[in-house]
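Below is one structure, written out as structure tokens; comments come after it.
The values are calculated or read from the model by the stated rules, or taken from the named source; none is laboratory data. Source: prediction; values computed, not measured. Ideal geometry is used to build each Cβ from the backbone, glycine not excepted, and the neighbour counts take in all protein chains shown. What goes into the accessible areas is simple: the full protein's heavy atoms, side chains included, and nothing from ligands, DNA or RNA. Shrake-Rupley method; radii C 1.70, N 1.55, O 1.52, S 1.80 Å.
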Amino acid sequence: MTVRIVGGGLAGSEAAWQAASAGVPVTLYEMRPVRATAVHKTDRLAELVCSNSFRGDKLDNAVGLLKEEMRRLDSLVMRAAEASRVPAGAALAVDRDRFAETITNTLSTHPLVTIVREEITSIPSSSEDQPVIVATGPLTSDALSSELAAIVGQTHLYFYDAISPIVLAESIDRSKVFRQSRWDRSFRGGQQGARVPGATVPGAATSDPDGVACGVDDGQGDYLNCPLTRDEYEAFYRALVEAESATVHDFDKERFFEGCLPIEVMAHRGKDTLRFGPMKPVGLVDPRTGREPYAAVQLRQDNLAGDHFSLVGFQTQIKWGDQARVLRLIPGLEAAEFVRFGMVHRNTYVNGPAVLSETWQVRTRPTLFFAGQMSGVEGYVESAASGLLAGLNAAALAKGEPVSSPPRTTAIGALAYYVSHANPAHYEPSNITFGIIQALDPSAGPGAGRAPRRKKLRNVALSERALADLQTWASTRRRVAIKSAS
Ligand SMILES: Cc1cc2nc3c(=O)[nH]c(=O)nc-3n(C[C@H](O)[C@H](O)[C@H](O)COP(=O)(O)OP(=O)(O)OC[C@H]3O[C@@H](n4cnc5c(N)ncnc54)[C@H](O)[C@@H]3O)c2cc1C
């Protein structure tokens, strides 16, 4: 009985800790320092490659809830974060060296953990008593990427994220936008997504094999349309071409695939390029004028997070401050609250809903788990949280115990559910948000389960319910474990 884990980042380290804490011997393969990545600088496990922040740490904030759940499940990442905490107001920020050092020391001295410094180029064989977790992160090495493509299918593995911004539904001015699908009908099947699937060489420029460029309404589902007059379009265009782009890492400079160009790149190609791309008005009729608008921005509702709308085809690298300023020039978005800003970056990840179950097992090969950013989540904390659950479940499998996921009312359970059940046709890696956690019942009577009207109180109520439900899940799980062990 053993669990083998490939990748000693945030997800792999947490998974190793959880499996070893459950009494299962672990072999953890990490390729650094034998082989470097484009962003890691040290040979330590769980190195933070960029910011030193784990974001908000209060229960009125979804990532604060996720962290609290992880603490209650004895997360090593959370222990190390507390031990290396630095002042950062309401956020949890860490001394990155102490953080990675704490994790490296804890795992290297753990009697059940063996760390092997080696690049894994093919996925080890797995079985029920020897499950494997792959947690090789956004910069998964090229050799392993080819292997992954063979397992999950070429079209379910992506090498770049070209992420469109997401706004909160309640911050959209409904008096200025109208709900309509282009041509008022569903005119084609197929996929639409701001990502590059199936490139044989990681990083290669490839357009979507379905031929659907980013930013083209696929005619499926409802869209909110923000119509622009000529003057509004020109003001938006000027602001866009003058906005400052984020600096990109060297490995990112090779990207830019025609199917998923950032809006600012399109804008620099010509004043009307956007009007023939993501801002094309054709097939839309503004009910206030009875005419086709000069240009339009489409907002698509997330199928699971109903209060989130993404700006279709608006992948962008503009710096976040400028992004908010420029996008708020769009009619209807003047007071938009951004759940997530747009980004374009190198990111190896699978189409979670097409590949994974909510226990982080590969559906077609349940003795293999994916965790971390490559499993289709976004962010340090979310990566570690997926590693936590994958580690617990891999250990359970190795011991012949049942695997499970916490309910969707918890942040960890909601994340697992989102990754395995979102619409695969529009899949984009997600941070944890309250939007993907099962809503409180607005019709419930006073007391537990009822949704307070004020957002902050509603979020706290969601968190209280989540922690209670996590406790129930954890105790049931333990009972199950004790029962099957006896
Ligand atoms: C440039 C960049 C900046 C980012 N900034 C942030 C940020 O500020 N905040 C945030 O929350 N998230 C950020 N992210 C996302 C961040 O990478 C993830 O949130 C997090 O590190 C993912 O954890 P992980 O365990 O999945 O991957 P990682 O932490 O990257 O760990 C993967 C590990 O696998 C190893 N590995 C890869 N291939 C192999 C192989 N074949 N054999 C053996 N070992 C292998 C790697 O060396 C690495 O140690 C950033 C990502 C990138 C690329």
- Here is a list of conditions, (1) more than 17 Å from the chain's Cα centre (by Cα); (2) among the small types (G, A, S); (3) buried (at least 20 other Cβ atoms within 10 Å of the Cβ); (4) more than 30 Å from D74 (Cβ to Cβ), and G391 meets all of them except one; can you say which number that is? (4)
- Hey, L457 hits all of (1) loosely packed, with under 15 Cβ neighbours inside 10 Å; (2) assigned to a loop (DSSP other than H, G, I, E, B); (3) modelled with pLDDT of 85 or more but one; which does it fall short on? (2)
- Could you say which residue among E378, E382 is open to solvent by 10 Å² or more (accessible area, probe 1.4 Å) and either within 12 Å of the ligand (Cβ to nearest atom) or touching a His at 6+ places or on another chain (Cβ under 8 Å) (or both)? E378
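Is one or more of the residues making up the range 17-27 within 11 Å of the ligand (Cβ to nearest atom), more than 19 Å from the chain's Cα centre (by Cα) and either modelled with pLDDT of 95 or more or under 16 Å from N105 (Cα atoms) (or both)?
Pass one, the range 17-27, residues within 11 Å of the ligand (Cβ to nearest atom): none.
Within the range 17-27 (the criterion being within 11 Å of the ligand (Cβ to nearest atom), more than 19 Å from the chain's Cα centre (by Cα) and either modelled with pLDDT of 95 or more or under 16 Å from N105 (Cα atoms) (or both)), the answer is no, since none of the residues qualifies.
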- Among the residues of the range 307-327, count how many are modelled with pLDDT of 95 or more and within 18 Å of R275 (Cα to Cα). 2
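Name the residue, out of V94, V113, that is in contact (Cβ under 8 Å) with a residue 40 or more places away in the chain, within 12 Å of the ligand (Cβ to nearest atom) and of a type in the set (A, V, I, L, M). So that I can check it myself, show each step before the final result.
Details: V113 fails: within 12 Å of the ligand (Cβ to nearest atom).
None of the other options fit; the residue is V94.
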- Keeping to the range 329-351, report how many residues are within 25 Å of H421 (Cβ to Cβ) and open to solvent by less than 10 Å² (accessible area, probe 1.4 Å). 6
- Query: Is at least one residue of the range 188-206 modelled with pLDDT of 75 or more and open to solvent by 50 Å² or more (accessible area, probe 1.4 Å)?
  - Reply: no
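Show me the strands (runs of 3 or more DSSP E) found entirely inside the range 105-164 where at least 2 residues are surrounded by 22 or more Cβ atoms within 10 Å (Cβ to Cβ). So that I can check it myself, show each step before the final result.
Working: elements: 113-117, 132-134, 157-163.
Because the criterion is at least 2 residues that are surrounded by 22 or more Cβ atoms within 10 Å (Cβ to Cβ), the strands (runs of 3 or more DSSP E) in the range 105-164 that meet it are 132-134, 157-163.
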- Message: Being assigned to a loop (DSSP other than H, G, I, E, B), out of contact with any His (no Cβ under 6 Å at 6 or more places or on another chain), within 30 Å of V177 (Cα to Cα) and open to solvent by less than 40 Å² (accessible area, probe 1.4 Å) narrows it down to one residue among T359, T316; which is it?
- Response: T316
- Please find, within the range 37-51, the residue that is most open to solvent (accessible area, probe 1.4 Å) out of those that are more than 8 Å from the ligand (Cβ to nearest atom) and either of a type in the set (S, T, N, Q) or free of Cβ contacts under 8 Å to residues at least 12 places away in the same chain (or both). K41
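Residue by residue through the range 52-72, note down the ones that are open to solvent by 30 Å² or more (accessible area, probe 1.4 Å) and either of a type in the set (K, R) or touching a residue at least 60 places away in the same chain (Cβ under 8 Å) (or both). First the steps, then the outcome.
Pass one, the range 52-72, residues open to solvent by 30 Å² or more (accessible area, probe 1.4 Å): 52-53, 55, 57-61, 68, 71-72.
Residues satisfying the conditions are R55, K58, L59, D60, N61, E68, R71, R72.
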- Mind checking which residues of the range 136-152 are of a type in the set (G, A, S) and without any contact (Cβ under 8 Å) to a residue 60 or more places away in the chain? A143, S146, A149, A150
